[in-house]
Amino acid sequence: MLDGAQVAGMQHLSVGRDGSFGDLLIDGVGSLVSVTGTTSPEARGGGATLPFVSYSVIGRNGTGNVTVRNGGSLSVSATVRGDGSPALDLGRDPGSFGRLSIIGSGSVVSMSAQSVLAGGGPGEAFNPLLRVGRDGSGELNITQGGKLLMHGGALATVADARNTSLYIGGVNSTTIGGKGTALVSGTGSEIRMTGADPHLAVGWGPQAFGQMTLADQALVDTRVLEVGGAGGTGVFKMDSASTNLSGQFAAGTQSGAVFVVGSGGGVGVATMANGSRMTISNPGSNGAGVLLGGTALRPGGDGSLTMTGGSRIDIQAEPGLGILRIGRDGSAMVRMRGASAIDVGDGQVIIARDKGSDGTLLMSENSSLSAGWVGIGRNKTETGDVDGGTGTVVLINSTLTAPTIVVGTNGFLGGTGTIVGNVTNYGIFAPGNSPGVIEIDGSFAAQAGSKTILEIESDGNGGFLTDLV
């Protein structure tokens, strides 16, 4: 498709099917492929009562390649309720491979659905679904200012979910999935998900694998971002890039904007480098935050987050509703280096929330974390706080700021740097690193059974002597 040529009205687009290799090029301003049609219930047969709405597949039992460049467009949309979502699959079946490349300013792939029922409900339409590596292998590349735009116009309710979904590796939360990779790179390059309940998952579902890289001023804008969920393995990398998560789900638990790494028995690995920025905001009642190592909906998992080069996370929520949780009932680690920062506002930081969990926070090179309340192996409740799992916080020339910091029985707080706030210790507090000092701008209260470990002198053999207080 070149120089403004257009094809429109089809219900189904397939590129690379049944042992074949297919290659579709959409090149030039005004060039358009539009998948907007339906297949009627009568044509479907078998007693069907709903039509098939728009569906496209790149690589189904074959190899498919689609390139949208130089201002071209691909549109997949639905204006009626169908038997499923308007959808696009890359690498649909095992052994298949599908690639979609969106290259250059003005080049757009758009997916959308319209509401057909005022107020939503069981009869409402379904919102768009894009899977990169459904059962096979898929690759999504967005570069040089290209854009992927997904809009869910169908309305969600508490009882009737209507997610707008992008999965990089995976089918759903219960089915064995494939392998997907995504690259978003360059100024103006973006993935933007709007409308009802946008959900982006990297490595989603049993045995699925996903990897997503944002680089060189690229942007992702959605509501919920999950890495390594529901038994999958996910890798999420940011390098001089931005991610915005905002709003609150209308369906189910009505989750606020959240970044989840490692949940539901999955493994998630996230990195932020070279001044990358993540903003997580929600003016609603269910807060906003970062959750590693399990969630209430999907317990268990292993999550890690590494921040370097002045990278930053800002969590903006209603008073007391922001959260950074490093290990709910799974395992989690956050490593901050090179003047990186996390700001939770007046919300909570909980490290190793439940018994049996473990969480670790390592901060070095003038990094900083600020919150309203910090629990290290300690969980805040409506009436106070209780012991959790095994929590560790180590500062190396860095700053921890919170009015209240509680170290649980199985908690450890130590290192060098500055603590701004009042510390209550039920576990182990170990200032100094041979030699070194940790300054507390606030109070320190040692509870019965707690330990304070101080290095006091050399033992003459290259080690040191300690006193327990």
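Summary of computed values
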item	result
Whole-Å distance, taken between Cα centres, linking the stretch 1-37 and the stretch 143-222	22 Å
Amide H contacts of G301 (H built 1.01 Å from N, under 5 Å, at least 5 apart or other chain)	G265, S331
Inter-centroid distance (Cα atoms) of the stretch 45-79 relative to the stretch 264-306, Å	32 Å
Magnitude of the charge dipole, the stretch 1-128, Cβ model with Lys/Arg +1 and Asp/Glu -1, debye to 20	100 debye
Charge-dipole axis of the chain as Lys and Arg at +1 and Asp and Glu at -1 on Cβ define it, positive-most pick from L454, S101, I350	S101
Signed unit charges on C-beta, dipole axis of the chain, positive-most listed residue G4, H199, L369	G4
Spatial extent of the stretch 300-372: Rg and Dmax, with the Cα atoms as the point set, Å	12.2, 34
Cα-derived Rg over Rh, computed across the stretch 211-252 with Rh taken as Kirkwood radius	1.03
Residue-by-residue Karplus 3J(HN,Hα) for the stretch 355-362, coefficients 6.51, -1.76, 1.60, Hz, glycine and proline x	4, x, 8, 9, x, 9, 10, 10
Using θ = phi - 60° and Karplus 6.51 cos²θ - 1.76 cosθ + 1.60, couplings along the stretch 10-27 (whole Hz; Gly, Pro as x)	6, 8, 9, 10, 10, 10, x, 10, 6, x, 9, 10, x, 9, 10, 10, 10, 10
Whole-number percent relative contact order across the chain, with pairs defined as alpha carbons under 8 Å at least 6 apart	7 percent
Gyration tensor verdict on the stretch 94-207 (Cα atoms; rounded if a/c is under 1.5, prolate if a/b is larger than b/c, oblate otherwise)	oblate
For the chain, alpha-carbon Rg relative to the globular expectation (2.2 N^0.38 Å, N residues)	1.08
Too-long pairs where the Cα-Cα distance tops 27 Å, listed order kept, from K179/K380; K237/K355; K179/K237; K179/K355; K380/K451	K179/K380; K237/K355; K179/K355
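Each value in this text was obtained by applying a stated rule to the coordinates, not by laboratory testing. Quick caveat: nothing in here was measured; it's all calculated off a predicted structure. A quick note on method: Cβ atoms are made from the backbone with ideal geometry, for glycine too, and the neighbour counts reach across all protein chains shown.
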